[in-house]
Every structure is written in C-alpha cells, then in structure tokens.
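See below for the structure under consideration.
The values are calculated or read from the model by the stated rules, or taken from the named source; none is laboratory data. Fair warning: this is a prediction, and the values are worked out from it, not measured in the lab. Positions of Cβ are backbone-derived with ideal geometry, glycine not excepted, and every protein chain shown enters the neighbour counts. We work out accessible area using only protein heavy atoms, side chains counted, and drop any ligands, DNA or RNA first. Shrake-Rupley method; radii C 1.70, N 1.55, O 1.52, S 1.80 Å.
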There are 2 protein chains.
Amino acid sequence: MKKNNSFAALFIQEAIGLSQEKMSQGQGGPFGAVVVKEGKIISRGWNQVTSINDPTAHAEIVAIREACRILETFHLNGCEIYTNCEPCPMCLGAIYWARIKAVYYANTRHDAAGIGFDDEFIYREMAMPLSERTVKMTHLPSEEALFVFEKWAQKDNRIEY
Amino acid sequence: MKKNNSFAALFIQEAIGLSQEKMSQGQGGPFGAVVVKEGKIISRGWNQVTSINDPTAHAEIVAIREACRILETFHLNGCEIYTNCEPCPMCLGAIYWARIKAVYYANTRHDAAGIGFDDEFIYREMAMPLSERTVKMTHLPSEEALFVFEKWAQKDNRIEY
C-alpha cells in the first residue's frame, strides 16, 4: 500500500511538472497528464489548445491518443491516468471510452473554475435537460439515421469498442 | 424559417450519409458529423476509433479538429454542428470548448444505447458523485499543483481559450 502510494506521488508529480513546463513554454493552459501501465509511464500529454489550434488537445486527450498509438490499441485496459487537474467532461468521456479504470488528480474542477476555466460550467450543462442548455440542441429525427444504426447491429464483421 | 429548415435537413442528411458510407468501409462505428458556418460545410468527420486506434476519434471530434485546422483557430464561434446521433459526453464537451452554439442531431443517446454504445451510461456516470463512479477517482491534493494554477492566473502573455 505504501509502495503504491509513493508510485502515485511520483506519477502525479510528473503530471504537475508537465503542467508547469509546457505552460511556461506557451503551449497552452496549465495542464499535464501521464498514462501509466504496470508501474511504467506509457505516454505524456499536455494542453496544446492554443499552440496547435485544437480545442480537443487537452492534456488527458493528448496522453490517451499517444498511449493508444504506442500500444497499437483503442482500449487502454489496465492503464491509469494521472493528471494535475480533475478531468473536464470531454476528457472524462475519453477516459471512459478508452476503458481506463483509475484517475488520480491534484487540483479540482473548482480550482480550475477559480482561474477561469469552464470545466465546472460544462459539468453543470451536461447534467441539464437538453432544452435548458446554453448550446441549442435541435432533434431532427430520421428514419434513415435509425436504419444505419440497424445496419450496424446486423453487421457481421463489426469491430466493437 | 422554411429556408433554414431545409438547410438543416440537407446538412443532417450529409452527416447521416457519412455514418452509412464510412461504417460500410469499416472505418469505425456508424457516426458522421459536419461543421457548418454561414450555410457552408467547413469540415466532415466520421468515427475512426477502430481503424486508427484512437478512442477519441468520434465523428464530432474529428469534424471539430478539422474545422479548426482549416479555419486556423481554436474557437468555432458562429459554427453549427450536424450529427447523425446526439453527441456523447466527450463530444459534447468538445462542442462547448470549441464555442459551437448549436447542435442538430438525428438519433438519440437512447438509440445509441440500443445498438450497444455507452453514451447513455457515460452521461449517467458523469452526473454521479466522484466516489460512486465505476472509474475510480483519487484526489491527491498538491500545493505545487495549486501554485502552477496561480502562475497561470498571473501570466501576462497567456492566451485564454
């Protein structure tokens, strides 16, 4: 247990170090993350939203994409992610899709809100009925769209994820 | 109003067409999306999770990244997104970060659940207290992590997003 805790402290330290270093270099917001498997760092990620013009280039998303590239897989079973801040809803969604089962984080969504980031706001929006969100959600039901879903369900050679 | 509706029908049709075409080609799940600005399609996206080993390569994320690349910006103000299915929490998060203000969708998260996708499950998880989620969330508070956030708040040349 003690051993596990000191490993966790090491990896979270790496994520915090990235948040500091890459922010100083002007790569984006103060966020860093590492993906770990069996006690080893597989990949590192840091926020690059403003430097590469990609609003999805959050630290966790970058680290997950890189880990998948390195491990040649679309599921990171058996991996953990360490991040200097509680993942935003986008990154948490990516963590679920990647099948990562454990998240270690230092700062919270409230700390992020305190320096002007929208994480907390987006969490609130996400839990709202679609009609009450600030983003206007318009449902255009389509028989054809449902038919494509049925084709997927019937597809013999589909790869599930 | 009638004109707007017929435009919407056209763009949603494009998204549905992509979901069908790219699924048939084995690129990934049955999902397509287009980003539209001032009545013109800026970018197209489709699910590529299993073909490029990227769990974040959902249709909306791909379309948003591509629109940002083309428009050379990290904010898609004035853009709308059309998708064959209600965005999952990851993609909805990306829509908020990209400052897209309107989403048009055909199938719902319930339709997605009906063919085995986790969208609905992840929405439920997201709204839960951190301690009750299936992904284990461990808070490791750190003075140093908070200090990096303070440095961001004090940074003169920071680019906000």
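Taking segment A:48-161 and the helices (runs of 4 or more DSSP H) fully enclosed by it, the elements with 3 or more residues that are buried (at least 19 other Cβ atoms within 10 Å of the Cβ) and in contact (Cβ under 8 Å) with a residue 12 or more places away in the chain are at A:59-71, A:89-97, A:109-114, A:119-126.
Can you tell which of B:Met90, B:Met126 is in contact with a Ser or Thr (Cβ under 8 Å, 6 or more places away or on another chain) and facing another protein chain (nearest Cβ under 7 Å)? On inspection, the qualifying residue turns out to be B:Met90.
The residues of segment B:129-150 that are facing chain A (nearest Cβ under 7 Å) and charged (D, E, K, R), listed by number, are B:Lys136, B:Glu144.
Filtered by the rule that a residue be open to solvent by less than 10 Å² (accessible area, probe 1.4 Å) and on the phi > 0 side of the Ramachandran plot, segment A:1-47 gives a lone residue, A:Gly28. State whether the residues of segment B:15-34 include one that is farther than 21 Å from A:Leu146 by Cβ and more than 8 Å from chain A (Cβ to nearest Cβ). Scanning segment B:15-34, I find no residue that is farther than 21 Å from A:Leu146 by Cβ and more than 8 Å from chain A (Cβ to nearest Cβ), so the answer is no.
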